[in-house]
Amino acid sequence: MDLHQKITELKKQKNAVILAHYYQVPEIQEVADYVGDSLGLSQKAAETDAEIIVFAGVHFMAETAKILNPNKKVLLPDLMAGCSLADSCPPDVFQKLVEAHPDHVVITYVNCSAEVKALSDIICTSSNAEKIVNSVPKDVPIIFAPDKNLGKYIQKKTGRKMLLWDGACIVHEVFSIDKLLKLYKEHPGSKIIAHPESESHILETANYIGSTAGMIDYVKKHPSEKFIVATEAGILHKMQQEVPQAVLIPAPAEEDNTCACSECAFMKMNTLQKLYNCLLNENPQIEVSEEIRKKAFLPIERMLELSK
Ligand code: 13P
Ligand code: SF4
């Protein structure tokens, strides 16, 4: 049996479900029960009746699944699979900001630690951030953390002034505007599609801005076109599978970036072998203290309610 078959067998034996983000390597996406964006993955984690959740994504995603499922085992193939955005928001510093603005509603992007979630009023993802911000009465001030690029984009869309945390994703910040414009000249008429974690100058060129799931839906609606795709390169696998005739060109990164097309080193820490090992050994597991979990659960629950 190859690894894919072994994982499929183990999954059945152990009543486990594999949830994978679009940024995972193709072979992990192929063995997963569900592949989606951060919102879709949280929704699946909230409704699963499997006994074990194997989260093929990064730490904050698996942690969110654990917060929603305290009595299930939640496994992450590599515990070191973190996130630069989550790391940019240390809970003790964030707490000071929140305490200094007691009249503000705290909206936090899901890319953060359980401790930061526990200090928040509502969680959002890139696909529901606008809706979540609009759910707050107009006269109530908002703290938005940790992604400043998503925050700036949502400010522009909603006309709300928000207090923004100064965090960013290392992957979405390396797209080169000069190279992107040059590439567009070589492919005139192609559609530029971008994730809102990208910087404003990239977003200003885009025909469509949305979450990874939103970007795939957009390509499905324009199947015979050419696209320049400004997000993590892992998305190209599912996008091409869904729309085989679409021409997909990854947006170029700055010269000094280690990868010609942007790849998230954290997402890529998971491999099929590590996924197999973690399901076999039921380790490494995600743990969250009950005190933090209870506090972090409420803002996630609010997001899930508002996203129905
Ligand atoms: P979405 O899954 O909401 O598109 O966000 C992408 C991302 O950066 C996940 O870490
Ligand atoms: Fe974090 Fe960016 Fe990687 Fe997403 S792509 S997990 S935001 S570092």
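For region 236-295, a residue qualifies if it is within 20 Å of Gly214 (Cβ to Cβ), more than 16 Å from ligand 1 (Cβ to nearest atom) and surrounded by 14 or more Cβ atoms within 10 Å (Cβ to Cβ), and the qualifying residues are Gln240, Val243, Ala246, Leu248, Ile249. Given the condition within 16 Å of ligand 2 (Cβ to nearest atom) and surrounded by fewer than 19 Cβ atoms within 10 Å (Cβ to Cβ), answer yes or no: does some residue in region 109-119 qualify? So far as region 109-119 goes, no, none of its residues is within 16 Å of ligand 2 (Cβ to nearest atom) and surrounded by fewer than 19 Cβ atoms within 10 Å (Cβ to Cβ). Has region 181-194 got any residue that is within 16 Å of ligand 1 (Cβ to nearest atom) and modelled with pLDDT of 95 or more? Looking for residues that are within 16 Å of ligand 1 (Cβ to nearest atom) and modelled with pLDDT of 95 or more, one finds at least one in region 181-194, hence yes. Conditions: (1) surrounded by fewer than 20 Cβ atoms within 10 Å (Cβ to Cβ); (2) of a type outside the set (S, T, N, Q); (3) under 16 Å from Ser127 (Cβ atoms); (4) within 16 Å of ligand 2 (Cβ to nearest atom). Lys220 meets all but one. Number of the miss? Evaluating Lys220 over (1) surrounded by fewer than 20 Cβ atoms within 10 Å (Cβ to Cβ); (2) of a type outside the set (S, T, N, Q); (3) under 16 Å from Ser127 (Cβ atoms); (4) within 16 Å of ligand 2 (Cβ to nearest atom) leaves (4) as the failure. Only one of the listed residues (Thr8, Thr64) is away from ligand 1 (no atom under 16 Å from the Cβ) and of a type in the set (Ser, Thr, Tyr). That residue is Thr8.
Annotation: Lys138 fulfils all but one of (1) surrounded by fewer than 19 Cβ atoms within 10 Å (Cβ to Cβ); (2) outside the structural domain of Arg302 (by TED's automatic domain parsing); the unmet one is (2).
Does region 155-190 hold any residues that are in contact with a His (Cβ under 7 Å, 6 or more places away or on another chain) and surrounded by fewer than 18 Cβ atoms within 10 Å (Cβ to Cβ), and which are they? I'd like the intermediate steps shown before the answer.
First, the residues of region 155-190 that are in contact with a His (Cβ under 7 Å, 6 or more places away or on another chain): 163, 172, 177.
Leu163, Ile177, listed by residue number.
Sort out which residues of region 43-88 are within 13 Å of ligand 2 (Cβ to nearest atom) and touching a strand residue (DSSP E or B) at 6+ places or on another chain (Cβ under 7 Å), and write them in order of number.
Going residue by residue through region 43-88, those that are within 13 Å of ligand 2 (Cβ to nearest atom) are 55-64, 76, 78, 80-88.
Answer for region 43-88, where residues must be within 13 Å of ligand 2 (Cβ to nearest atom) and touching a strand residue (DSSP E or B) at 6+ places or on another chain (Cβ under 7 Å): Phe55, Ala56, Gly57, Met61, Ala62, Leu76, Leu85, Ser88.
The helices (runs of 4 or more DSSP H) found entirely in region 57-115 that carry 3 or more residues being within 14 Å of the chain's Cα centre (by Cα) are 59-68, 84-87. Can you name every residue in region 13-41 that is within 16 Å of ligand 1 (Cβ to nearest atom), of a type outside the set (Ser, Thr, Tyr) and touching a Lys or Arg at 6+ places or on another chain (Cβ under 9 Å)? Within region 13-41, Leu19, Gln24, Val25, Gln29, Val35, Gly36 qualify. Here His237 fulfils each of the conditions (1) at pLDDT 95 or above; (2) farther than 20 Å from Gly82 by Cα; (3) away from ligand 2 (no atom under 16 Å from the Cβ) apart from (3).
If a residue has to be in a helix (DSSP H, G or I), more than 19 Å from Asp217 (Cβ to Cβ) and among the hydroxyl-bearing types (Ser, Thr, Tyr) to count, how many in region 22-53 make the cut?
Narrowing region 22-53 to residues in a helix (DSSP H, G or I): 26-31, 38-47.
Restricting the remaining residues to those that are more than 19 Å from Asp217 (Cβ to Cβ) gives 26-28, 30-31, 45-47.
Those still in the list that are among the hydroxyl-bearing types (Ser, Thr, Tyr) too: none.
So the answer is 0.
Yes/no per residue for (1) assigned by TED's automatic domain parsing to the domain that holds Gly214; (2) over 18 Å from Asn111 (Cα atoms); (3) crowded, with 16+ Cβ neighbours inside 10 Å:
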site	(1), (2), (3)
Ala20	no, no, yes
Val25	no, yes, yes
Ile28	no, yes, yes
Val31	no, yes, yes
Lys44	no, no, yes
Asp49	no, yes, no
Ile52	no, yes, yes
Val74	no, no, yes
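Consider Ile122 carefully, then state whether it is without any contact (Cβ under 8 Å) to a residue 60 or more places away in the chain and not assigned by TED's automatic domain parsing to the domain that holds His59. Even if it seems obvious, please write down each step before you answer.
Values: without any contact (Cβ under 8 Å) to a residue 60 or more places away in the chain: no; not assigned by TED's automatic domain parsing to the domain that holds His59: yes.
No; evaluated as a whole, the condition is false for this residue.
The values are calculated or read from the model by the stated rules, or taken from the named source; none is laboratory data. Remember, predicted model here, so these are calculated numbers, not experimental data. Backbone-built Cβ (ideal geometry, glycine too); neighbour counts: all protein chains shown.
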